[in-house]
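Let me begin by presenting the structure, written as C-alpha cells, before commenting on it.
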Amino acid sequence: SSGQNVLPQIRGEYRVWYNPEQKDAWFESTSHILRMTTLFAILLPAAALVREKERGTIEQLLVSPLTPFHIMASKVLAMTLMIVGAVSVSIFGVLGPILHVPIAGSLPLYYCIMVLYVFTTAGIGLFAATLARNQAQVGMMTILVLVPILLLSGVTTPMEAMPKWVQYVMIFSPLRYYIEITHGIFFKGAGLASLWHLVLPMGLLGSATFGFGVWRFRKQFD
C-alpha cells in the first residue's frame, strides 16, 4: 500500500584498491624485475670473487693492506651500480612509458632500499663464492639458493595461504620483504614510516649474510 515504507535497493560493488583496473601487467612486471635483481645480486659478486680465485689474484689482494671486508665490499659496490643502472632503465624505459605502471611513492626511498636489498642478497652470493672453486659451481649454487628464495617470496602463493611452518621459514627470504616494500612504494605510495617493519628485518638479514660471508672468506684464506 501507499502507506508502507519502501526500502531502497542496495547493490554491492567490489572496489579494488591501488589497482582498480586489475591489470596483471603491473604486478607481473615489477615482480619480474625483483626476481632478476635477486638473481644478479647473488650471481655477479660471487662470479667476480671466484674469477679472482681462478686467476690466482686473490692472494695478491690478501697480501695488500686491504681486509677481506674491503675486498668483498668492492665487489658488491661495483655490482650494485650495475644493478641500479639496469633497474633504472627498466623503470623509466619499460614500466612507465610502455606498461604505465604508477609510481605513487618516493623513488629516492625506493633506490635506498634497493641498495640495501642488493647488499643483503650479495652476502648470500659471496658466501657461495667461498665454497665454489670455479664459475660452473657458482652457477649451480646460485640456482640451488635462488629457487627457495623465489618460492618463499610470496610471488606465486601468498604468505597467508601457506602452512604455518612455511610462513616461519619465509622470514628468512629477503625477497619476501623486498616485494612488499616495492609494491607498497609503487602502488600505495607508502613511506618509510609504514615500511620500517619490513626494512629492519631485511637489513638484519643483510648484516648477517654479509658478515658470515666475510668470516667464511677470512677463515678460508687464513
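Read the figures in this text as sums done on the coordinates, not as results from a lab. Bear in mind that the values here come from a model prediction, so they are computed numbers and not experimental data. Counting neighbours? That spans all protein chains shown, and the Cβs are built from the backbone with ideal geometry, glycine included.
Based on other C-beta atoms within 10 Å, arrange L131, L43 from fewest to most.
The fewest-first ordering by Cβ neighbours comes to L131, L43.
Once you mark the GluC sites (Glu not before Pro) that are in a DSSP loop and have at most 14 other Cβ atoms within 10 Å, what is the longest gap between them in the chain?
It works out to 22-222.
Taking the Cα centre of the chain as origin, sum charge times position over the Cβ atoms of Lys and Arg (+1) and Asp and Glu (-1), and report the length of that vector in debye to the nearest 20.
Computed about the Cα centre, the dipole is about 340 debye.
So how much slack lies between L192 and S64, counting 0.36 nm per residue of separation and subtracting their Cα-Cα distance, in nm?
Extra length available between L192 and S64 comes to 42.1 nm.
Compare the Cα positions of G105, L77, G189 along the charge dipole of the chain (+1 at Cβ of Lys, Arg; -1 at Cβ of Asp, Glu; about the Cα centre) and return the one farthest towards the positive end.
It is L77, whose Cα lies furthest towards the positive end.
Using a Förster distance of 35 angstrom, determine the FRET efficiency expected from the C-beta separation of H32 and Q9, and round it to 0.05.
0.20
Looking at the P(r) of the chain, how many percent of alpha-carbon pairs lie beyond 30 Å?
When every Cα pair of the chain is considered, 33 percent fall beyond 30 Å.
Net charge near L205, counting Lys/Arg +1 and Asp/Glu -1 over other residues with Cβ under 15 Å of its Cβ?
Here the charged neighbours net out to 0.
List every residue whose amide H lies under 5 Å from the amide H of G96, counting only residues 5 or more places away in sequence or on a different chain, with H placed 1.01 Å from N in the peptide plane.
Close amide H contacts, sequence-distant or interchain: V101.
What spacing in nm lies between the two simple spin-label points modelled at W215 and M162, each 7 Å away from Cα in the Cβ direction?
2.5
Could you give the DSSP H helices of the chain that reach 27 angstrom or more along their long axis (alpha carbon positions) and whose average Kyte-Doolittle hydropathy is no lower than 0.5?
68-90, 107-131, 192-221
Using the basic label-point model (7 angstrom from Cα toward the beta carbon), what is the A136 to E54 distance in nanometres?
That separation, rounded to one decimal, is 1.1 nm.
With 10 angstrom as the radius, rank M159, M170 by how many other C-beta atoms surround their C-beta, starting from the fewest.
Fewest-to-most ranking of M159, M170: M159, M170.
For K219, list the lysines whose Cα falls under 17 Å from its own Cα; do not include residues on the same chain fewer than 8 positions away.
Hits, sequence-local ones excluded: K53.
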